[in-house]
Amino acid sequence: MFKNIVIRELMDHLKSLRLLITFLLLIVLMAVSSVLFLQEYQQQMRDFSRNTAETRDINSKNVTRPAALFNLFSYNWQGPFVYKSPNRLAFISEGQEKNLPNSFSPSAFKIYGPYKKLRSNVFLDYFASLDWALIFGVVLSFAAIILVYDSICGEKEKGTLRLAIANSVPRSTLLLGKFLGGFIALAVPVILGTLIQLLVLILGGTGFQSADWIRVMLSLVFIFLYLSCYLMIGLFISSRSNNSSTSLVAGLLVWAMFVVVIPGVSGMIASDMVKLPSREVALENAWSHWSDVIRKYNQENPETTGASGHWSPGEPLERAILAADAWSEVMNDFRNRQIEQVSAARRVTFISPTAVFRSGLETMAESGIYHYLKFYKQVVDFGLTQRQFLLDHYPLASRWFFPFGKNPSPEDIDNYSALSRIKISMDEVPQFQEKRLSLNENFYASLPYFALLFMFCIVFYVAAHISFQKYDVR
Amino acid sequence: MLKAIDLTKRYEDGILALDHVNFEVKAGEIFCMLGANGAGKTTTINLFLNFIEPTDGKALINGIDSTKEPLKAKKYVAYVSENVMLYSNFTARQNLDFFAKLGGKTDLTKEDYYQVMRQVGLQEKAFEAKLKTFSKGMRQKLGISIAIIKDAPAILLDEPTSGLDPKASAEFQKILLDLKEKGKSIFMSTHDIFRAKTVADRVGIMKEGRLVMMRTREEFLEENLEKLYLDYMQEKTA
Amino acid sequence: MLFTIAKRRFLANILTSRFIVAAVLIEVLFISSTAVLIRGYARRQQQFHTEVQKHDKEMSNADVYAQLSVRLDRPPEPLSIFSAGADRRIAGSVSVAHNAAPVMISGAEEDNPLLSVFSSLDMITIIQIILSLTVLLFSYNVVSEEKEKGTLRLVFSNNLPRHTFLAGNILGGLLSLFLPLLLGFLSAFLLAYLHPAVQLTGTDMLRLVLVILAAMLFLSVFYSLGVLFSILMKRSSTSLVFLLFIWVFLVILLPPGIISIVRQIKPVESQSAIDQQAEALRKEWYKRMWEYKDNHPRPEFIGEFIRDRYVETGYLPYAYHLGYAPREVAEWLINGSIYGHNLKIEYEDRIYELYHQYNVLLYKQAVLADQLLRFSPSAVFYKFACQITGTDASVQLRFMEQAEQYRQRLIQYIRNKGGLSSYRLITGNPPEAFLPVSDLIRVRDTEGYERVKSVIEKVYNPKDVKPLDLSDIPRFKFLRLSLTDSLNETLPDLIVLILLNLLLLTGCWITFIRSDVR
């Protein structure tokens, strides 16, 4: 009996105009977006290669200069930069990466940034990309509502519901049958669209790896969970109304709330949730901490005077490191709070399954804010690597300095020459290489979102179930 | 008042819905058109109301050709449609008010509306009730009151008693006879032979677009109308 | 009879529960989104005032012209409460000096660039998305439902011309749907108007009126579209399905699609390419400075005779501030700095041109996108609203241009004060006030270093330094585009909306005149 119900519902959907249009729309969107993504990705790869080559160039020039150590690890407020690598899974979720900063300028002392060195255009208004987060997030949920909004109340209006219930079929079976019929009907265009897109991307040569396939599979699980969620919402609303047009209005307004309004609220309350000073104030604070440390050091070590913002040939390394750490403490805290501000605001929107879905996909594809956070951590680690390299080549305990305002002795000058002539080869210099998440890490990171979406499904299923049990079928 | 002269309608796909139909309904006369589903009864009404245009012939309302001057012609006819839902979120009076105004009656009072609704036998408590609470019979009565309030000399009724219970049907009959007393020309298409026998002054039988038989009241009261009807219907299969 | 039909359609709409639900939701959204935006605006306004005062104070700290740097602040746009647009993203503040062109832009979002992942929910978005959807939900069955119910036949059995019926239904329907729009807008407006931090001028209010008029045009596009489909389709449910998918396509999917396509067909360089060119220019200036220094050998620097000589990081040969130095050194520094700063002005002019051209190119890309976006009525409306309220991204271009104009005035001002041709560039005293090095050495050797110190302090004492007199410095005030200019720019968008309306209404009329009412 269950099988019959499912087949009938499925047939009904397959013959309907709504499914046909959904099907066409999804296929066209997936095809268009894959072509666009391919172009975008290739351009990003070109830019990335050029940018990293530039960084290598600057580093190799610095290696040959006198005082190579200083040039490599100290004078970094105008570069060279390290960049986020382009994401070949961004077709799953671009996560607004084109609006996010993509580079830092790290050194053994301070990390400057973040910077946005992208082909972005401040005049082009914010619009999302045509990724799975948008296509499935918007169109699939919309189609789910449209497919089932009259699944119960419409049948009541036609008189077929009472005919069905007049038989010995439990209501829960009927509900599940409607759900499954709708699910299968919509799963078909999803799978087809996904296959088309993957085909285009593989042919286009974006370098798919085996781990990527698993990520794609997991993303599909997300998508199917999300679909189930909205089917349940649609069925719930259908079972609360006697009139299909009321059910439709309610369904669409709920959709608009979840998909448009709630995600749109987060940005506005972000600044209320986590207070941030302005960047200028943070920088001033950082530099004043820096000055304090310098001053204190100079007091404790009377032979030292002055200081420049970036460790210069001859300045005590120990002082430079202490001061830089004081600066970094403020700025790292500031940057972390920037991230926290966004994450906190995002968390508020998790009352909407669409917001959960989008964040889940973002984690799966390692893009957006999540990517930025990981990238930043790696940049911080790289800074420490650079510092270790510096310490390995230049004694921390060296208290040699170029005494400003006094006459240096010949011994001082000799020392300075020796130290500034330390040679290193390009091969030794640490290079930044962004590491992407392992599959394991990906999986665990996206688990909470899976759980949340699953919970949404359960909640809406229970609600629909209870509502339908009490529904007047006459 | 209502005159069909060689009224013919052939659709684009070749189907001949009406084939040179001729009849006349004078003032104070009830003309019932009997026929199977699809015989052409509703098509006749649609031609009078200029919902479609005849291939040949004329439909005249009060001497006005409803094809040539539809708006003018429609001033003289009222229409009771088959199984109409009306506006479910409005009350009976509000529905009546709306159609009265469309029919040109712009200065009627609430009491006027109540009067007409009483006349058709609607209960007082239904006057300000929303249409979605009405039964089929009640809606039908409201439909008649819409026709009555227009006070047009001719009335076209399309299957007005289909689905009505015997009591409502009988009430409806009384209203029709009242209207006839007032001198209205009434054209009614129906299946209900019984009702036709009771109220009609003349009866026509339509079969596959042709008016195959016409009898006056005296004539069909003598003959067995039911047998006549079935005979004519069966000629198709014979 | 037009009135009768219109009144019926109007009442039929507002008496339904779905209308009440939709209207309440819309009202709540209008009020809550505006309330949040008002708070944000009040905070930005407060910040603006604080910044202006802070910048004034900072500016007045300069005691020599080389240190004079002016921060230009742009107040937040009050109408961004209604149409958030790009106002938050755009530069709120830019720094200019005679030797620093306005290229360092800091937008409010630069405080947290990560915030750019969020979109905002403002009145315009609510109209664009929620109201347009609601309008469709009330227009998709205007004709088809009456046909299905049989009332259409009943209506046309009367002396009623078709166009009257059509016009009446469109009029009545639109008026009913404008109710939540106007109610929502008035509530939002009152909230803003009554808030102490918000000052709206008469022109501002006029701009808002224009936005609401455009909103009505926009909504009637969707209404007419709905009516058209309700005429063309036999069944209401078919009409609805088509319309909903058309809506999703036009409102949600088309704009990002077009933007992505435009980015591919008319790509722009990333800013780092321009940064590199600017860097190259600076390096060239640097090189010429060193060449100058090679041609003008440096006198001996004896550290103990020099006070408060500040140089830029990277050891430029010349200082931007000098407290005290032996006369020869002072003259050398002054001459070098004068040469360097005047030369820098030329280079900064060219650097500005670079960034300006780049921004113009970016702007052109946006213009192409706008032209293609005319296929989406919601995008057209959005653009109109942003431009009329002064929250569109072109404000950035204008801010930059006005900043550069101000910089030129600043340069002229400094020249008039002799700041670019005399000692006043880097020091408060003419070189004659400083002792030649031989004298200073003599004093030190005969009377000791303490004596030298007091001699120096008589001329230059850091505690007595007076800041520059800037009472007559030109003041910057960001000029918004006038209403007439805004209208000129947005006229094409308005015309598109009007044309769409005419097209759809004509379509409705043509199809309805001939359609079957049975």
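Once backbone amide H atoms are built at 1.01 Å from N, residue C:90 has C:108 as its partners under 5 Å, excluding neighbours fewer than 5 places away on the same chain.
Rounded to two decimal places and with Rh computed the Kirkwood way over Cα pairs, what is Rg over Rh for the range C:269-425?
On the Cα set of the range C:269-425, Rg over Rh gives 1.17.
Alpha-carbon geometry of the range A:77-182: the Rg and the Dmax are 25.5, 78 Å, given in that order.
Given just the C-alpha atoms of the range A:2-469, how large is their convex hull per residue in cubic angstrom? Mind dumping the intermediate values first?
Details: hull volume 75.2 nm³, N = 468.
Value for the range A:2-469: 161 Å³ per residue.
Partner aspartates and glutamates whose Cα lies under 13 Å from the Cα of residue A:178, excluding those fewer than 8 positions away in the same chain, are identified as A:9, A:12, A:150, A:155. Of B:87, B:114, B:79, which has the largest mean-square fluctuation in a 10 Å C-alpha GNM of chain B? Of B:87, B:114, B:79, the Gaussian network model singles out B:87 as fluctuating most. Phi-derived couplings, Karplus 6.51 cos²θ - 1.76 cosθ + 1.60 at θ = phi - 60°, listed residue by residue for the range A:283-292: 5, 4, 4, 4, 5, 6, 4, 4, 4, 4 Hz, with x used for Gly and Pro.
Report the antiparallel proportion of the DSSP beta bridges in the protein assembly as shown as a percent, rounded to a multiple of 5.
Details: 35 of 56 bridges.
Looking only at bridges with both residues in the protein assembly as shown, the antiparallel portion is about 60 percent.
When the charge dipole of chain C is built from unit charges on Cβ atoms (+1 for Lys and Arg, -1 for Asp and Glu) and taken about the Cα centre, the candidate among C:37, C:65, C:176 whose Cα reaches farthest toward its positive end is C:176.
The magnitude of the dipole of the range A:2-469, with charges of +1 and -1 set on the Cβ of Lys/Arg and Asp/Glu and taken from the Cα centre, is near 1320 debye. Once the Cα atoms are used to define both axes, helix B:166-181 deviates from the longest principal axis of chain B by about 80 degrees. A dipole drawn for the range A:2-469 from +1 and -1 charges on Cβ atoms has a positive end, and of A:108, A:259, A:89 the residue lying farthest that way is A:259.
Output the relative contact order of the range A:98-243, whole-number percent, from Cα pairs under 8 angstrom with separation of 6+ residues. Don't skip to the answer; put the middle values down first.
Details: 90 pairs, mean separation 49.6, N = 146.
It comes to 34 percent, rounded to a whole number.
Rounded to the nearest 10 degrees, the inclination of helix B:92-102 to the longest alpha-carbon principal axis of chain B is 60 degrees.
What is the antiparallel percent of DSSP beta bridges lying wholly in chain B, to the nearest 5? Spell out each step's value before the answer.
On the way: 20 of 40 bridges.
Within chain B, antiparallel bridges account for around 50 percent of the total.
Among residues other than residue A:434 with Cβ under 9 Å from its Cβ, the summed charge is +4 (Lys and Arg +1, Asp and Glu -1).
Within the assembled protein chains, the solvent-accessible surface assigned to residue A:157 is about 100 Å², based on a 1.4 Å probe.
Determine the alpha carbon to alpha carbon distance for each of C:54/C:453; B:132/B:174; B:132/B:182 and list only those over 28 Å.
On the way: C:54/C:453 35 Å; B:132/B:174 26 Å; B:132/B:182 32 Å.
Over 28 Å apart, Cα to Cα: C:54/C:453; B:132/B:182.
Note on residue A:229: accessible area approximately 0 square angstrom, rounded to 10, probe 1.4 Å, nucleic acids and ligands left out.
Per-residue ellipticity at 222 nm computed for chain C from its helices equals -21500 deg cm²/dmol, with DSSP H segments shorter than 4 residues left out and the rest contributing -39,500 (n - 2.57).
Helix-only arithmetic for chain B: the sum of -39500 (n - 2.57) across DSSP H runs with n ≥ 4, divided by the residue total, places the mean residue ellipticity at 222 nm at -10500 deg cm²/dmol. Highest GNM mean-square fluctuation among B:53, B:223, B:29, for chain B modelled with Cα contacts below 10 Å: B:223.
For the range C:99-172, the ratio of Cα radius of gyration to the globular rule of thumb 2.2 N^0.38 Å stands at 2.23.
Taking amide H as placed 1.01 Å from N in the peptide plane, the amide H of residue B:35 sits under 5 Å from that of B:190, B:206, each at least 5 places away or on another chain.
For chain C, complete DSSP H runs whose alpha carbons reach 20 Å or more along their own long axis and whose mean Kyte-Doolittle score is 1.0 or higher are C:162-194, C:202-232, C:483-513.
Over 21 Å between Cα atoms, which of B:130/B:180; B:74/B:101; B:130/C:234 qualify? Please report the intermediate quantities before stating the final value.
Values: B:130/B:180 30 Å; B:74/B:101 14 Å; B:130/C:234 27 Å.
Cα-Cα > 21 Å for B:130/B:180; B:130/C:234; rest within.
Checking the table A:110/C:266; A:116/A:374; B:26/B:197; B:227/C:149 against a 27 Å threshold on Cα-Cα, which pairs fail? The answer is A:110/C:266; B:227/C:149.
What dipole magnitude, in Debye to the nearest 20, does the range B:147-217 give about its Cα centre under +1 on Lys/Arg Cβ and -1 on Asp/Glu Cβ? List each step's numbers first, then the result.
Details: 13 positive and 10 negative charges, 65 e Å.
For the range B:147-217, the charge dipole is close to 320 debye.
The rule of thumb for compact globular proteins, 2.2 N^0.38 Å, goes into the C-alpha radius of gyration of the protein assembly as shown 1.25 times.
A Cα-only calculation for the range A:266-327 places Rg and Dmax at 16.2, 54 Å.
Largest to smallest in accessible area, the residues C:151, B:216 fall in the order B:216, C:151 (1.4 Å probe, all protein chains included).
Here the dipole of the range B:115-238 is about 520 debye; that uses its Cα centre as origin and unit charges on the Cβ of Lys and Arg (positive) and Asp and Glu (negative). Note on residue C:203 and residue A:472: their simple-model spin labels are 6.1 nm apart, each label 7 Å out from Cα toward Cβ. Exposure check, 1.4 Å probe, all protein chains in place: residue C:437 carries approximately 40 Å² of accessible surface. Relative contact order of the range A:2-469: 26 percent, from C-alpha pairs under 8 Å at least 6 residues apart in sequence. When the residues C:233, B:33 are ordered by accessible surface, computed with a 1.4 Å probe over the protein chains alone, the sequence from largest down reads C:233, B:33.
Kindly provide the trypsin sites (Lys or Arg not before Pro) of the range B:1-46 that DSSP labels as loop, not H, G, I, E or B, and whose Cβ sees at most 13 other Cβ atoms within 10 Å. Within the range B:1-46, the qualifying trypsin sites (Lys or Arg not before Pro) (loop, at most 13 other Cβ atoms within 10 Å) are B:26. Taking Lys and Arg as +1 and Asp and Glu as -1, the other residues whose beta-carbon sits under 10 Å from that of residue C:349 total -1. Between the listed residues C:416, B:27, A:443, the Cα displaced farthest toward the positive end of the dipole of the protein assembly as shown, a dipole computed from Cβ unit charges relative to the Cα centre, is found at B:27.
For the range B:139-223, the calculated P(r), taken from all Cα-Cα distances in 10 Å bins from zero up to the bin holding the longest distance, is 15, 50, 31, 4 percent.
The values are calculated or read from the model by the stated rules, or taken from the named source; none is laboratory data. The structure displayed is predicted, hence computed values, not measured ones. Glycine also receives a Cβ, built like all others from the backbone with ideal geometry; neighbour counts cover every protein chain displayed. In case anyone asks, the SASA skips ligands and DNA or RNA and just uses the protein heavy atoms, side chains included. Shrake-Rupley method; radii C 1.70, N 1.55, O 1.52, S 1.80 Å.
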